[in-house]
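Novice: One structure is given below, represented as structure tokens, and several questions about it will come after.
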Amino acid sequence: MRDLKHLTYVENLLQEANNELIKKAKAEGKICAAFLCENTPEPLMNLGNAFGVRLFAPNTGSMDIATYYMTSFLCENSRALLERAIEGGYNFADCLVAPDGCTMINRAAENMELLHTMDGGKDKFFYENMEIALKADDNGVELMKLQCINHILNPLNKNYGIDISDESIRKAVKEHNEICELVMALSELRKEEYPRITAYEFAVFCLATYVCPKYLLKDILKETLEEVKNRTPDDKKYRVRVELVGSEIDDVELLRVIEECGAYVCCDRYCFGTFPGRVPIPMTDDEDALTQVCRHYVMLSQCPRYMNMEKVYGRKQYVADLAEEFGADGIIYQQVNFCDPWAYEKLLGATMLEQDYGYPVLSVNRPYNIASSVGQMRTRVQAFVESMEIKKIQGGAKK
Ligand code: SF4
């Protein structure tokens with residue numbers, strides 16, 4: 001297929017946490033509201049003169065210093081983030097908001113604060129930790145509202161004079177939804193038998209919407225969507241189609257490894273991915289904006305943190321519905337090494353999607369930076385692809 005005009009530029013943006021678009025937004029006098037974890041209501045980080053950026057640690061090598069502070073038993077994601085913070089990689093941020101999606105991200109945020117990794121010489125800088133409910137229900141929504149008011153809205157307003165009015169939140173949700181609708185439109189094209197966008201390309205543009213100022217990415221996404229729609233697909237079919245599920249993925253090389261094995265990631269359910277992170281937030285005029293945003297993030301969240309039974313079973317149904325909708329032959333459940341929430345969720349999910357929903361499932365652990373075990377991952381995925389091809393020949397991969 002013809003190369004996409006903006007792919008290389010956006011790939012380069014993903015090589016650094018402090019990328020060119022962040023520098024541009026800061027040069028325009030904007031406030032960088034950095035956050036960790038998908039339980040953070042993103043529109044609230046993009047109010048008025050602020051732009052939200054979810055932190056990641058591209059091209060992570062050694063994590064020795066972070067391991068000294070957090071031990072090697074904590075997940076590689078949280079250690080990579082702390083390592084990058086200690087190295088000064090997040091000095092562009094003007095505040096840090098960290099929901100306790102899990103204890104590990106909490107530990108990382110706590111160490112970032114105790115070691116003053118980001119606030120050097122910035123008198124208005126603030127670190128805030130939010131509490132996230134364990135049950136997705138009305139009480140959970142009320143808790144999220146209170147936490148957002150205390151740990152996002154008031155600190156942004158008090159320190160940087162950010163407009164936190166209902167009107168300002170509605171404007172931020174509208175801009176957020178514009179980006180989500182563009183990502184969703186690209187995602188829909190993954191349903192095609194001969195897709196006009198590769199899974200790797202899609203992941204690059206999707207990830208960029210988390211780690212770059214959205215208002216500076218919108219035109220790039222619009223142009224790319226038009227370009228893809230006018231693209232001629234390759235006439236070579238992928239061997240199988242898979243859904244990719246699990247821990248946060250902010251290393252798009254993982255998608256390239258899977259794709260090179262002949263498996264097209266036709267849909268995804270992982271942190272930093274499309275579902276539910278890029279599902280537009282429905283808004284009405286008959287209720288305040290903050291409540292609607294918080295309800296969306298609590299009720300639609302697929303984070304294993306939520307432990308009420310409706311959520312525990314609902315997460316498997318959500319994965320199965322996506323697989324059905326996008327025509328996946330099988331499912332890959334993956335987790336970052338030592339990721340607690342996804343350790344139990346992956347076990348339960350892989351078992352139920354195989355036994356109750358009849359999908360072939362590959363369940364894998366992986367390092368934060370896939371570069372350190374590409375061979376292993378390739379071997380596992382190739383074997384999975386072959387087993388599904390055999391099942392297909394014998395009358396359909398899905399039981
Ligand atoms: S990868 Fe897992 S353990 Fe690590 S921060 Fe994310 S959810 Fe928590």
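Novice: Need the full-extension length gain, residue 309 to residue 181, defined as separation in residues times 0.36 nm minus the C-alpha distance. One decimal, nm.
Specialist: Roughly 43.0 nm would be gained on extension.
Novice: So, one more: Which FRET efficiency value, to the nearest 0.05, do you get for residue 163 and residue 5 by plugging their Cβ-Cβ distance into 1/(1 + (r/R0)^6) with R0 = 56 Å?
Specialist: Calculated transfer efficiency: 0.95.
Novice: Just subtract the alpha-carbon distance of residue 287 and residue 23 from 0.36 nm times their residue separation and send over the number in nm, one decimal.
Specialist: Gain on extension, residue 287 to residue 23, equals 91.4 nm.
Novice: Ok, one more. Quick one: with all protein chains in place, what share of the accessible area of the chain is carbon or sulfur, to the nearest percent (1.4 Å probe)?
Specialist: 52 percent
Novice: Let me cross-check residue 373: its accessible surface, 1.4 Å probe, with only protein heavy atoms counted, in Å² to the nearest 10?
Specialist: Accessible area of residue 373: about 20 Å².
Novice: From the mean inverse distance of alpha carbon pairs (Kirkwood) and the Cα radius of gyration, derive Rg over Rh for the stretch 63-204.
Specialist: The Rg/Rh ratio comes out at 1.04.
Novice: Residue 268's amide H: which non-local residues (gap 5+, or another chain) put their own amide H closer than 5 Å, with H modeled 1.01 Å from N in plane and none for Pro or chain starts?
Specialist: The list, which skips near neighbours in sequence, is 244, 274, 275.
Novice: Tell me the volume per residue, in Å³, of the convex hull enclosing the alpha carbons of the stretch 156-221. Walk me through the numbers on the way to the answer.
Specialist: Working: hull volume 5.7 nm³, N = 66.
With only Cα atoms used, the stretch 156-221 gives 86 Å³ per residue.
Novice: For the stretch 99-160 and the stretch 218-236, what is the separation of their Cα centres, given in Å?
Specialist: Cα centroid of the stretch 99-160 versus Cα centroid of the stretch 218-236: 38 Å apart.
Novice: Give me the compactness ratio for the stretch 176-303, meaning the Cα radius of gyration over 2.2 N^0.38 Å.
Specialist: Details: Rg = 15.5 Å, N = 128, 2.2 N^0.38 = 13.9 Å.
Working it through for the stretch 176-303, the quotient is 1.11.
Novice: Order these peptides, 337-344, 270-277, by their mean beta-carbon neighbour count within 10 angstrom, highest first.
Specialist: 270-277, 337-344
Novice: Tell me the Rg and the Dmax, in Å, that the Cα atoms of the stretch 330-399 produce.
Specialist: Using the Cα atoms of the stretch 330-399, the pair Rg, Dmax is 13.1, 37 Å.
Novice: Same structure, new question: Once phi is turned into θ = phi - 60°, what whole-Hz ³J(HN,Hα) does the Karplus curve with 6.51, -1.76 and 1.60 give for every residue of the stretch 286-298, x standing for Gly and Pro?
Specialist: Going residue by residue, I get 9, 8, 5, 5, 4, 4, 5, 5, 5, 5, 4, 5, 7 Hz, with x marking Gly and Pro.
Novice: Sticking with this structure for a sec: Label point 7 Å out from residue 131 along Cα-to-Cβ: which residues of the stretch 70-103 have amide N under 13 Å?
Specialist: 100
Novice: Using a 1.4 angstrom probe and counting only protein chains, how large is the accessible area of residue 322 in Å², to 10?
Specialist: 10 Å²
Novice: Another question about this same structure. Beyond 34 Å, what share of the Cα-Cα pairs of the chain remains, rounded to the nearest whole percent?
Specialist: Roughly 25 percent, once rounded to a whole number.
Novice: Please compute the modelled spin-label separation between residue 15 and residue 351, points set 7 Å along Cα→Cβ, answer in nm with one decimal.
Specialist: The modelled label-to-label distance comes out at 4.5 nm.
Novice: Further, regarding this structure: Heads up, I need the accessible area for residue 366: 1.4 angstrom probe, whole protein in place, Å², nearest 10.
Specialist: Number for this one is 10 Å².
Novice: Enter the angle in degrees (range 0 to 90, nearest 10) between the Cα long axis of helix 309-326 and the first principal axis of the Cα atoms of the chain, meaning the one along which they spread out most.
Specialist: 60 degrees
Novice: Tell me, what is the per residue accessible area of the chain in Å², probe radius 1.4 Å?
Specialist: So the chain comes to 40 Å² accessible per residue, rounded to a whole number.
Novice: Can you run phi through the Karplus equation (6.51, -1.76, 1.60; θ = phi - 60°) for the stretch 229-235 and list ³J(HN,Hα) in whole Hz, with x for Gly and Pro?
Specialist: Once θ is set to phi - 60°, the couplings for the stretch 229-235 become 4, 9, 8, 9, x, 5, 8 Hz.
Novice: Can you pull the one-decimal nm distance between simple spin-label points at residue 188 and residue 340, each 7 Å off the Cα toward Cβ?
Specialist: It works out to 4.1 nm between the two label points.
Novice: Also: Given the rule -39500 (n - 2.57) for each run of at least 4 DSSP H residues, summed and divided by the residues of the chain, what is its mean residue ellipticity at 222 nm, to the nearest 500 deg cm²/dmol?
Specialist: That comes out to -14500 deg cm²/dmol.
Novice: In percent, what relative contact order does the chain have, based on Cα pairs under 8 Å that are 6 or more apart in sequence?
Specialist: Worked out over the chain, it gives 19 percent.
Novice: Over 17 Å, how big is the tail of the calculated P(r) for the stretch 10-72, in percent of all Cα pairs?
Specialist: 54 percent
Novice: While we're looking at this one, here's another question. Could you let me know the centre-to-centre spacing of the stretch 334-378 and the stretch 1-17, using Cα atoms, in angstrom?
Specialist: First find each Cα centre; the distance between them is then 27 Å.
The values are calculated or read from the model by the stated rules, or taken from the named source; none is laboratory data. Since this is a predicted model, take the numbers as computed values, not measurements. Every residue, glycine among them, receives a Cβ derived from its backbone with ideal geometry; neighbour counts consider all protein chains shown. With ligands, DNA and RNA removed, areas are computed over all heavy atoms of the protein, side chains included. Shrake-Rupley method; radii C 1.70, N 1.55, O 1.52, S 1.80 Å.
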